[in-house]
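The values are calculated or read from the model by the stated rules, or taken from the named source; none is laboratory data. This is a predicted model, so every value here is computed, not measured. Here the Cβ is made from the backbone with ideal geometry for all residues, glycine too, and neighbour counts use every protein chain on show.
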Amino acid sequence: MKFNKTFIGVLSLFASLSLNAQQKQSDKPKLVVGIVVDQMRWDYLYRFQDRYTNEGFNRLLNEGFSNENTYIPYVPTYTAIGHSTIYTGSVPAIHGIAGNDFIIQATGQDMYCTQDDSVNGVGTTSKAGKMSPKNLLTSTVTDQLKLSNNFRSKVYGVSLKDRGGILPAGHFGDAAFWFDGETGNWITSTFYMDELPKWLTKFNEKKYVEKYLTKWNTLYPIDTYLQSEKDGNPYRANYKGNEAMRFPYDLKAMTKENGLGLIRSTPFGNTLTKDITLAIIENEKLGKNAEGITDFIAVSFSSPDYVGHQFSPNSIEIEDTYLRLDQDLGEIFKYLDKNIGKGEYLVFLSADHGGAHNPKYFQDKKGNAGYFQTSTVKKDLNAILEKEYNAKEIVRSLSNYQVHLNYDVIEKQDLDEEEIREDIVNYLRKVDGVSFAVDMDKIGQAPIPALLKERMINGYNRKRSGVINYILDPQWYGGKLNAGGTTHGTWGSYDSHIPFVLMGWGIKPGKNYNPVYMTDIAPTISALLKIEEPNGNIGKPVVEVFQK
């Protein structure tokens, strides 16, 4: 009896020690997988839900925590800004990424968001490799993870788009990889390394792109795509060399006209991204770090954006792209379950922006919509200003829904900038489709709804943004009259309402219907990881995520 009590006591001690060890191991996730789906409207979570499998989007919704009312708190809503904001918890006014392209106001220099002429490509000799996070002015949650443990965490970013991989990986990432459409290879730059890893060279040699660019037919019988307009509808843009624009698409033949970059505009670009993601995790041994050291991979699926721009939200192509992406996500989650351990990794999924309905489609359904013909408005505006001030090209650009002034002309001819600004604002207010136009130096007094005013202020970076902002009517966007496909960039819910779902380590299933903002994602992940939030963060942790 005495022996049994002693034996039981020893067993209890071992059980207690084992439990404590397990709790210690589970103090942080082994791996964080940040997923951004480019141009994913929030409603895509549910619009195609009955057709999703239980392994992809539905697993996220069933096992994860979904913030149903997550919004972008700035304009314009573009890819580079969205990825930067998700990972910095900041806005263009602070993190400096004011668009995919922006203008350095002091010099008039056009700048691509990840452009860095001081570095060279690795795996390519083209300008596609001259990229880095240099233009991002703040730290990211991935940077903060590195700082938290003396740079022992491994951090990688990957995307078909350079900006989708580079900006999330931050300044301290071990590497970012992106796709070179000319060669069909994954590349990087000397900002990260001097030569590609051997495993990546071997991956490129397998020529996955050619294997995927064969044929695109619908995943299921085409007559089951009831959420979409009929095949061959008129609200789309044509592939080069394919005027028919109907299923099935002969991708192999189309490659001759479009090049290997064609894969971006098909759902197989997502599959290729899934393949390289799993290869990075395996070959760089992510999630296998020392105890208590979390690794991070930031993945951006770019193809939904390309397909969306080409075909618009109401197309069979978009529906099929999301049904196939659902399967790709399922494969990633299965791999993580097996190789990292279910409950040992943390996943979050969001989007950099949404996408508008095609205006012609909306008009044909008897809704109000339209095209703001940017080039025509700029031409007319400059003609009026030239007549008034006897100076040509006073307006340099109307990009990013902003008016960029030509300061060289204004200064050389000693023009009155205040009067010019006032004339521009007065003109724009009369243009069809413009809701508001405002001089950003006077926005405090402008009669604009508070929500729009806040988003304009958040999106305005004095050194990189135009001094006059304009807001279009709902369902209007900049584009050629009756152009096919779609775009984004505005404040409307179709562009600014995005998903934010977390699943895995430390996450209890549930839903939150309180307002949440894109800027809240980074501080929420930071809080989960018990690290300092990014240094330009203005967001707040979503407390509902932590409530049991």
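Things to note:
- All positions within region 424-447 that are assigned to a loop (DSSP other than H, G, I, E, B), of a type outside the set (Val, Ile, Thr) and closer than 20 Å to TYR389 by Cβ: ARG429, LYS430
- Hey, SER265 farther than 25 Å from ASN283 by Cα, crowded, with 20+ Cβ neighbours inside 10 Å and assigned by TED's automatic domain parsing to the domain that holds SER118 or not: yes
- Restricting attention to region 236-256 and to residues that are over 26 Å from the mean Cα position of the chain (by Cα) and more than 21 Å from TYR208 (Cβ to Cβ), the residue that is surrounded by the most Cβ atoms within 10 Å (Cβ to Cβ) turns out to be MET245.
Let's see how each residue does on (1) within 25 Å of PRO313 (Cα to Cα); (2) in a loop (DSSP other than H, G, I, E, B); (3) free of Cβ contacts under 8 Å to residues at least 60 places away in the same chain; (4) polar (S, T, N, Q):
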| residue | (1), (2), (3), (4) |
| --- | --- |
| TYR477 | yes, no, no, no |
| THR486 | yes, yes, no, yes |
| THR490 | yes, yes, no, yes |
| TYR494 | yes, no, no, no |
| THR519 | no, no, no, yes |
| ALA527 | no, no, yes, no |
| LYS540 | no, yes, yes, no |
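- For region 178-217, the set of residues classified as farther than 20 Å from ILE263 by Cα and either assigned to a strand (DSSP E or B) or modelled with pLDDT under 95 (or both) consists of SER189 only.
- Any hit, region 281-288, residues being of a type in the set (S, T, N, Q), under 20 Å from ASP328 (Cβ atoms), in the same structural domain as LEU528 (by TED's automatic domain parsing) and touching a Ser or Thr at 6+ places or on another chain (Cβ under 9 Å): no
Every residue, every condition in (1) part of a loop (DSSP other than H, G, I, E, B); (2) assigned by TED's automatic domain parsing to the domain that holds ALA522; (3) within 16 Å of ALA80 (Cβ to Cβ), yes or no:
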site: THR124; (1), (2), (3): yes, yes, no
site: LYS134; (1), (2), (3): yes, yes, yes
site: THR138; (1), (2), (3): yes, yes, yes
site: LYS146; (1), (2), (3): no, yes, no
site: ILE166; (1), (2), (3): no, yes, yes
site: PHE172; (1), (2), (3): yes, yes, no
site: ALA176; (1), (2), (3): no, yes, yes
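- When the criteria are applied in full, TYR306 meets the requirement of being within 29 Å of TYR78 (Cβ to Cβ), within 19 Å of the chain's Cα centre (by Cα), in contact (Cβ under 8 Å) with a residue 40 or more places away in the chain and surrounded by fewer than 24 Cβ atoms within 10 Å (Cβ to Cβ).
- Residue list for region 226-235, filter: closer than 22 Å to LEU262 by Cβ and under 27 Å from the mean Cα position of the chain (by Cα): SER228, TYR235
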